[in-house]
Amino acid sequence: MLDNQGFLKLKADDKNDLKVFAAYLQDSITTPKEIKFLEKNKAFICIFNRFMWEDAEKGIFRDNKRIRSALKIDDVRSVKSKNLNPQEEKALEFLTINIEQGDQENININLLFSGNMTISVNVEAINATLEDFSDSWKTKIKPDHKI
C-alpha cells in the first residue's frame, strides 16, 4: 500500500505478508551500523536503501531508483546473526526472508543476505512494518540476477 505521498507503508502479521516484504526488499542494501536490536523495546530495526522494483517494472523508460526504507519487527525475544561482523562497514545485500515456525511461541524471521549472512529474529508473533521515509534518488545500477 502506498500512502498519499507515494511512500510504501506495509504491515505484516503473518507469513504471507512477510513474503510481500521480501519482494519489496529484494536487492536492498544496508550496513551493520543500520541494524539495531532495541532489547528494552522488544524491537528490531533495519534501515535499507531499497531498490524500487515497483517503479522499475512499470516501463522500459523509467529511471532506476532507490529509497530509504525502515523494516521494524516488534515483539522480539532475541536476535542472532551468522557470518555478520557488526564492526565492518561492508555493504550487505538483502536476498529474502525465510520464516521458521515451531510451536505458536517459537517463530524465527530469518533475513538472508548475500555472502551466506543471516540475521535471525526470534519473535512472540509476527508483527512488522515496512515504511519508506525519504525522497527517492536515481541510480544507474539495476540489480541483475542469473537464474
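Got a sec? Which of 109, 147 is at pLDDT 95 or above and either within 20 Å of residue 66 (Cβ to Cβ) or not charged (D, E, K, R) (or both)?
Testing whether each residue is at pLDDT 95 or above and either within 20 Å of residue 66 (Cβ to Cβ) or not charged (D, E, K, R) (or both) leaves just 109.
From 110, 98, 122, which residue is in contact with a strand residue (DSSP E or B) (Cβ under 9 Å, 6 or more places away or on another chain) and farther than 25 Å from residue 52 by Cβ?
Answer to the check: 122.
Are there any pairs, at least 6 apart or on different chains, whose C-beta atoms fall under 8 Å, with the first in region 21-38 and within 11 Å of residue 93 (Cβ to Cβ) and the second part of a helix (DSSP H, G or I), and if so, which?
Correct list of pairs: 26/53; 27/53.
Would it be correct to say that residue 40 is at pLDDT 90 or above, surrounded by fewer than 16 Cβ atoms within 10 Å (Cβ to Cβ) and more than 17 Å from residue 97 (Cβ to Cβ)?
In short, yes.
For region 111-124, enumerate the residues that are free of Cβ contacts under 8 Å to residues at least 40 places away in the same chain and surrounded by fewer than 16 Cβ atoms within 10 Å (Cβ to Cβ).
Scanning region 111-124 gives 114, 115, 116.
For region 125-144, how many residues meet the condition of being modelled with pLDDT of 75 or more, over 30 Å from residue 105 (Cβ atoms) and surrounded by 10 or more Cβ atoms within 10 Å (Cβ to Cβ)?
Final tally of qualifying residues: 7.
Please enumerate the residues belonging to region 2-22 that are modelled with pLDDT under 95, surrounded by 12 or more Cβ atoms within 10 Å (Cβ to Cβ) and aliphatic (A, V, I, L, M).
Answer for region 2-22, where residues must be modelled with pLDDT under 95, surrounded by 12 or more Cβ atoms within 10 Å (Cβ to Cβ) and aliphatic (A, V, I, L, M): just 8.
Tell me, please, whether a residue that is in a loop (DSSP other than H, G, I, E, B), modelled with pLDDT under 85 and in contact with a helix residue (DSSP H, G or I) (Cβ under 8 Å, 6 or more places away or on another chain) can be found in region 73-85.
Taking every residue of region 73-85 in turn, at least one turns out to be in a loop (DSSP other than H, G, I, E, B), modelled with pLDDT under 85 and in contact with a helix residue (DSSP H, G or I) (Cβ under 8 Å, 6 or more places away or on another chain).
Among 114, 120, which is the only one that is small (Gly, Ala, Ser), touching a Leu at 6+ places or on another chain (Cβ under 9 Å), closer than 18 Å to residue 82 by Cβ and at pLDDT 95 or above?
120
Determine whether residue 65 is more than 19 Å from residue 37 (Cα to Cα), out of contact with any Leu (no Cβ under 8 Å at 6 or more places or on another chain) and in contact (Cβ under 8 Å) with a residue 40 or more places away in the chain.
Yes, satisfied.
Exactly one of (1) modelled with pLDDT under 95; (2) surrounded by fewer than 17 Cβ atoms within 10 Å (Cβ to Cβ) is unmet by residue 70. Its number?
The number of the failed condition is (1).
The values are calculated or read from the model by the stated rules, or taken from the named source; none is laboratory data. Bear in mind that the values here come from a model prediction, so they are computed numbers and not experimental data. Here Cβ is always computed from backbone atoms with ideal geometry, including for glycine, and neighbour counts include all displayed protein chains.
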